[in-house]
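Comments concern the structure below.
None of the figures in this text is laboratory data; all of them are computed from the coordinates on show. Just so it is clear, the model here is predicted, and its values are computed rather than measured. No Cβ is skipped: glycine too gets one built from the backbone with ideal geometry, and neighbour counts run over all protein chains shown.
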Amino acid sequence: MSRIIRIVRLALKSLMLHKLRSGLTMLGIVFGVFSVIAMLAIGEGASAQAQKQVLELGATNVIVRSVKPPHEVTQSSTRSRVLQYGLLRSDYKILTETLPTITSAAPIREVDREIRYLKEAMNARVVGCTADYLDMNHLTLSQGRFLTGSDQQKLLNVAVIANEVANSLFKFEDPLGKSIRIGAMFYTVVGVTKDRTASAAIGGSLSGQDYNKDVYIPIKTLQAREGDLDIKNQAGSMTAEHIELNQITLRVNNKDSVLPTAQAIRETLDQSHPRTKDYAVVVPLELLKQAEQIRMIFNVVLGSIAAISLVVGGIGIMNIMLATVTERTREIGVRRALGARQRDIIEQFLTETIVLAGSGGMIGVIFGLLTPITFLGIQWFVQNFVMEGSSAGSEVGRMFFDLQPQIAFWSLPVAFGISVTIGIISGIYPAISAARLDPIEALRHE
Amino acid sequence: MKLAAQVVDLTKFYDLGSVVVKALKGVSTDFPEGDFVAIMGSSGSGKSTMLNLLGALDRPTSGQYILGGRDVSTLDDDELSEMRNDMIGFIFQSFNLISQYTVLENIEVPLLYRAGYPAIGRVEREWCMELARMVGLGDRMDHRPFQLSGGQQQRVSIARALVNDPQIILADEPTGNLDSATEAEIMDILHNLNSEGRTIIMVTHEPGIAKQTKRQIVMKDGLIESETILQQAVPAS
């Protein structure tokens, strides 16, 4: 043991002789280890972000959404000027009545309407939904109550508004109990939801949702008051769409039956929508698995990029050590003359590279631990200099700014171990060539 | 008379492909304990080859070199290293100190490579300090080689040569890089060591230095040309 300490001490002494050179050599390993840890942390953070999003959708949920079919198909299938597509109330009935694994189902109908209160007006998404909507979308109330079953049955004109809507319509008043106008009808505000971070788009089949400009009313009320026909005036042209339901969120009794149930849902809908595929089935659990796969690929790609920098660092070490061996040929000769065996010389040079790579690795690990802070800096930089306000709000921008690197603690010993291994690999050739020197030649070397 | 070392019909040929250089063509001589020998000769006479063989840095082509009761010519590389560590103390013309080490650490270097790697403890450190004091560097143990004069550096290398209490001390032109004043100081130290009973073999081409020894061996063309005994070797009592 004391011998190892001695060898390491002597190695440190030799390395300290050329502080700048040793430092620069070490830098390669420092950056290599740092980038391995940082890349994995970013990958891990991205995956955690994706997982969180998917879990917000609910791991036991299956979401069926209406999708506008491609243009050509719609023209050939329907001659009328009213575009009719999407999920039907009969679909909802069939699904909930035939599939025993479904415990609850929440139909949703969405329309865009102007909301008015006295002189204030704003455009909002009016969501016709049931009492389950609150839980299924992880919304919380800041005041009042959410919609109830009796609201549905009595077709009451009641509305729950999101915080942003409440703030812009009721600047100085308590919204509870006030009447707001949606379209042509008046509704009584019974509750206000708290702000909720918008969900990001996932997998292309589910667009992102901003929950903060919503108005919730009972779905039966919506159907009764607004009907299924949705007429929009857009830049002079008029489009009319006939949609019964925009979305059905189905909750399955346990995780294991999610995938078979999703399959059954697809088959059922296939039969009731034989001509066009005007719906999409989104299974968060599937997305979770996809996200997992993406994470794997992400980690491999980022990891290999980082590994390349480690290898480059290793080559740097080998380069310097070869130069060092040439420079210290005389010293090697002296040591050999004074009784050092070949093994001793190998040991000496190998120890130097291991100490070099090891301390580089250690510093790299410390830098790696600071990744979250570094990333905050990068986010700040991007926000202020790269992305201007508008693009920062885009999907990609939001994903980037929400990303929090999570250090994978297994990556610390792994990255450190790799750096030491690279130290050994890149040190072994110079060390052996040092030991193979003929002592007489080495002593004569100038 | 007890022998410190002995060479018997030693030859060394270098095969350079087209020609075979016969650097030593059969040299025999005895080195009794307490001897102080100067090996002289012009360049190409084989004195460097002789020194390399005596220093166990190389193996002879034929012949025997007996050191400490073992025939060096039959040893492998590791055993040669052990031999150099244990039996031989080197003093070089250009001092050859390790630049990143202090005086004391330089003296310790041979201790690092002792067989079995025993720890360097208090006793060894005391011994190194004593050697430093003996060569007059008691107040400079923490200095680095570049902070020392040539004469002082050579004293360090003498102390280093003594640290493992060697059978023979090999000095390769120990005063070649020094002015005459320091040359005298170094020679004084070597005389003192010899009078303590240490066997010293010195290569030199300065007759003035050679005259201060007990025996001169003059080499020419790979053979001993002449041998002059100035004084009988006196082994330590």
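Some notes on this structure:
- When you filter the trypsin sites (Lys or Arg not before Pro) in the stretch B:18-67 for DSSP loop state and at most 14 other Cβ atoms inside 10 Å of their Cβ, nothing is left.
- For q = 0.07, 0.08, 0.18 Å⁻¹, Debye-computed log10 I/I(0) when each Cα of chain B counts as one equal scatterer: -0.22, -0.29, -1.43
- Temperature 25 °C, viscosity 0.890 mPa s: under these conditions the Stokes-Einstein estimate for the stretch A:40-157, based on its Kirkwood radius over C-alpha pairs, is 134 µm² per second.
- Largest-first ellipsoid semi-axes for the stretch A:236-339, taking √(5λ) over the Cα gyration tensor eigenvalues, angstrom: 68, 19, 9
- Fully extended contour minus Cα-Cα distance, from A:LEU176 to A:VAL82, at 0.36 nm per residue: 30.1 nm
- Euclidean distance between Cα centres, the stretch A:90-116 to the stretch A:246-290, Å: 13 Å
- FRET efficiency for B:ARG114 and A:PHE409, using Cβ-Cβ distance with R0 set to 51 Å, rounded to 0.05: 0.70
- Residue range of chain A that is longest and free of trypsin sites (Lys or Arg not before Pro) which are both DSSP loop and sparsely packed (at most 12 other C-beta within 10 Å): A:276-435
- Our note on the geometry: Cα centres of the stretch A:2-29 and the stretch B:83-108, 22 Å apart.
- Note on the stretch B:165-237: percent of Cα-Cα distances in each 5 Å bin, starting at 0 and stopping at the bin with the largest distance, equals 3, 14, 25, 26, 18, 10, 3, 0.
- Averaged over the residues of A:327-337, the number of partner chain Cβ atoms lying within 10 Å of the residue Cβ comes to 5.
- Longest stretch of chain A clear of exposed loop sites (chymotrypsin sites (Phe, Trp or Tyr not before Pro), DSSP loop, at most 12 other Cβ atoms within 10 Å, sites excluded): A:173-408.
- In this structure, B:ASP188 and A:ALA323 have a Cβ-Cβ separation that, at R0 = 35 Å, corresponds to a calculated FRET efficiency of about 0.25.
- For the stretch A:187-336, the relative contact order is 12 percent, taking Cα pairs closer than 8 Å that sit 6 or more residues apart in sequence and dividing their mean separation by the residue count.
- Computed label-point distance, nm, for sites B:ASP9 and A:MET238 using a 7 Å Cα→Cβ extension: 12.7 nm
- Cα centroid separation, the stretch A:117-143 to the stretch B:149-194: 97 Å.
- Gyration tensor verdict on the stretch B:45-119 (Cα atoms; rounded if a/c is under 1.5, prolate if a/b is larger than b/c, oblate otherwise): oblate
- Taking every residue in B:96-103 and counting other chain Cβ atoms within 10 Å of its Cβ, the average works out to 5.
- Mean residue ellipticity (222 nm) of the protein assembly as shown, computed from DSSP H runs ≥ 4 via -39,500 (n - 2.57), nearest 500: -15000 deg cm²/dmol
- Taking a point 7 Å out from the Cα of A:SER142 in the direction of its Cβ, the residues of the stretch A:156-177 whose backbone N falls within less than 18 Å of it are A:159-177.
- Cβ charges +1 (Lys, Arg) and -1 (Asp, Glu), total dipole of chain A, debye: 1000 debye
- Helices meeting the span-like rule in chain A (full DSSP H runs, Cα extent of at least 18 Å along the helix axis, mean Kyte-Doolittle score of 0.0 or higher): A:2-17, A:19-57, A:284-327, A:342-369, A:411-435.
- The value obtained for the stretch A:353-446, namely the Cα convex hull volume divided by the number of residues, is 144 Å³ per residue.
- Cα coordinate range in the stretch A:1-72, projected on the principal axes (Å, largest first): 76, 34, 15
- The mean sequence separation of alpha-carbon pairs under 8 Å and at least six residues apart, normalised by the residue count of the stretch A:88-148, gives a relative contact order of 24 percent.
- Shown here for the stretch B:155-222: GluC sites (Glu not before Pro) in loop regions (DSSP other than H, G, I, E, B) with at most 15 other Cβ atoms within 10 Å, namely B:GLU196.
- Estimated translational D of the protein assembly as shown in µm²/s (Stokes, Kirkwood radius over Cα pairs; 25 °C; 0.890 mPa s): 74 µm²/s
- Ellipsoid semi-axes in whole angstrom, largest first, where each is sqrt(5λ) of the Cα gyration tensor of the stretch A:221-276: 33, 15, 10
- In range of the label at B:LYS2: residues from the stretch B:79-99 whose backbone nitrogen is under 19 Å from the point 7 Å along Cα→Cβ: B:86-89
- Between A:SER150 and B:ASP221, the simple label model (points 7 Å from Cα in the Cβ direction) yields a spacing of 13.1 nm.
- At most 13 other Cβ within 10 Å, DSSP loop - trypsin sites (Lys or Arg not before Pro), the stretch B:146-215: B:LYS211
- 17 Å Cα cut-off, lysine pairs counted over chain B (separation 8 or more, or different chains): 10
- Length gained on full extension, A:GLU286 to A:GLU97: 65.6 nm, using 0.36 nm per residue less the C-alpha separation.
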